[in-house]
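Take a look at the structure set out below.
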Amino acid sequence: LHLAKDARVQPEFAASLPIAGVDGTLERRLVASEAQTFVRGKTGLLNGVVGLAGYAGKGTHNFAFVFIYNGPGREFHARQLFDKLAELLVVKE
């Protein structure tokens, strides 16, 4: 969250994150949803652990978020849930 408020590094940091529905590891996620292009984040996958962290929002207020799932065999469902939660953050604003 500190990076989001530090004008010296925030633009470069945010620009380095993939954009939902556009590029990188989020290119195929949140496509045709209200969150497409309004979520920037970093994904992660490691031996049953799935993660998504980043920023979501349409206006001047962006939410910083971190979603982590650690469990056997439900990685696909965890990613679907994370996408829905990120979309809710965009819609909430």
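Values as computed for the structure displayed
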{"read-out": "Computed FRET value (nearest 0.05) for GLU34 with GLU12, which takes r as the C-beta separation and R₀ as 25 Å", "value": "0.40"}
{"read-out": "9 Å beta-carbon shell around THR43, net charge (K/R +1, D/E -1)", "value": "+3"}
{"read-out": "Theoretical ellipticity at 222 nm over the chain - DSSP helices of four or more residues, -39500 (n - 2.57) apiece, nearest 500", "value": "-9000 deg cm²/dmol"}
{"read-out": "Selected from ARG29, ARG74, ARG40 as most flexible by GNM, with the chain as the system and alpha-carbon contacts under 10 Å", "value": "ARG74"}
{"read-out": "About the Cα centre, charge dipole magnitude for the chain (Lys/Arg +1, Asp/Glu -1 at Cβ), debye", "value": "120"}
{"read-out": "Mean shadow area of the chain, taken as a quarter of the surface of its Cα convex hull (nm²)", "value": "5.8"}
{"read-out": "Solvent-accessible area per residue, Å², over the chain with all protein chains present [probe radius 1.4 Å]", "value": "66"}
{"read-out": "Label-zone membership for region 34-48, site LEU3, 7 angstrom Cα→C-beta point, backbone N under 19 Å", "value": "37-46"}
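The values are calculated or read from the model by the stated rules, or taken from the named source; none is laboratory data. Keep in mind that what you see is a predicted model, and the values were worked out from it rather than measured. Using ideal geometry, Cβ is built from the backbone for each residue, glycine included, and neighbour counts are taken over all protein chains shown. Heavy atoms of the whole protein, side chains included, go into the accessibility calculation; ligands, DNA and RNA do not. Shrake-Rupley method; radii C 1.70, N 1.55, O 1.52, S 1.80 Å.
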